[in-house]
Amino acid sequence: MAKVSLEDIQKLREITSMGMMDCKKALEEAEGNIEKAIDVLRKKGAAVALKRGGNATSQGLIHAYIHPGATLGVLIEINCETDFVARNEELKKFAHDVCMHIAAIKPLCLTPDEVDPKWLEKEIEIARELLKNEGKKEEFIEKILEGKVQKLYAENCLLQQKFVKNDKLTVEQVLQELVGKMGESIKIRRFVRYEIGA
């Protein structure tokens, strides 16, 4: 097992906000490579999220964000298992960051399940007509449309969007990392975005 320096542990902590021991173990597992250690910690967060996913989330918080100028605002409800986590500064920071993301990126809904079927049907029809006009063969059109639907989900569903503060991760992945840190199930239940004149 690789010997890791205190400086590297500190550096990894600054990047991930994970605990000292978690960072030390991740660096040892990654043989001192910080990039690999970040992946180890991400996988740990995803594993905890999977394990805790079915747990009841009857606690939580509602966070409000009003954009400077007071013409745009976001409300979000985040649920967790305990009031201890609900009061945690890290969860509050996450809620604030996600509100800012929603203000900037304008997701239509939380997950693909919540996408309005009529809206999706209309988007698919427009894409199908464009593909026909481009002379694409019928057998390829359906395959291309599948990809376009996934792209629509990634652009319009909050959990699948690239996170505004780190576009290497989706909002879902950032949430999983938080679950890994907190050690309990955390879910974004709902959100609403208000904009004057929209």
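The values are calculated or read from the model by the stated rules, or taken from the named source; none is laboratory data. Because the structure is a prediction, the values reported are computed rather than measured. In this analysis, Cβ positions are derived from the backbone assuming ideal geometry, glycine residues included, and neighbour counts consider all displayed protein chains.
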Please work out if GLY60 is on the phi > 0 side of the Ramachandran plot and crowded, with 18+ Cβ neighbours inside 10 Å. yes
What residue, among those in the range 108-151 that are of a type in the set (S, T, N, Q) and in a helix (DSSP H, G or I), is farthest from the chain's Cα centre (by Cα)? ASN133
Pairs with Cβ under 9 Å, 6+ apart, first in the range 24-45 and in contact (Cβ under 8 Å) with a residue 60 or more places away in the chain and outside the structural domain of THR170 (by TED's automatic domain parsing), second in a helix (DSSP H, G or I) and of a type in the set (Ser, Thr, Tyr): LEU41/THR16; ARG42/THR16
Tell me, please, whether a residue that is more than 29 Å from LYS44 (Cβ to Cβ) and free of Cβ contacts under 8 Å to residues at least 12 places away in the same chain can be found in the range 104-117. yes
Let me confirm something: among GLY135, GLY197, GLY183, which residue is loosely packed, with under 15 Cβ neighbours inside 10 Å, among the small types (Gly, Ala, Ser) and over 30 Å from ALA64 (Cβ atoms)? GLY135
Counting only residues that are assigned to a helix (DSSP H, G or I), more than 15 Å from the chain's Cα centre (by Cα) and crowded, with 17+ Cβ neighbours inside 10 Å, how many does the range 72-102 have? 2
Examine the range 86-99 for a residue that is modelled with pLDDT under 95 and among the β-branched types (Val, Ile, Thr), and state whether such a residue exists. no
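Kindly evaluate LYS51 against the criterion of being assigned to a helix (DSSP H, G or I) and at pLDDT 65 or above.
So LYS51 does not fit the description; no.
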For the range 149-171, name all the residues that are surrounded by 18 or more Cβ atoms within 10 Å (Cβ to Cβ) and without any contact (Cβ under 8 Å) to a residue 40 or more places away in the chain. LEU152, THR170
Filter the range 152-185 down to the residues that are in a helix (DSSP H, G or I) and of a type in the set (Gly, Ala, Ser) and list them by number. ALA154, GLY180
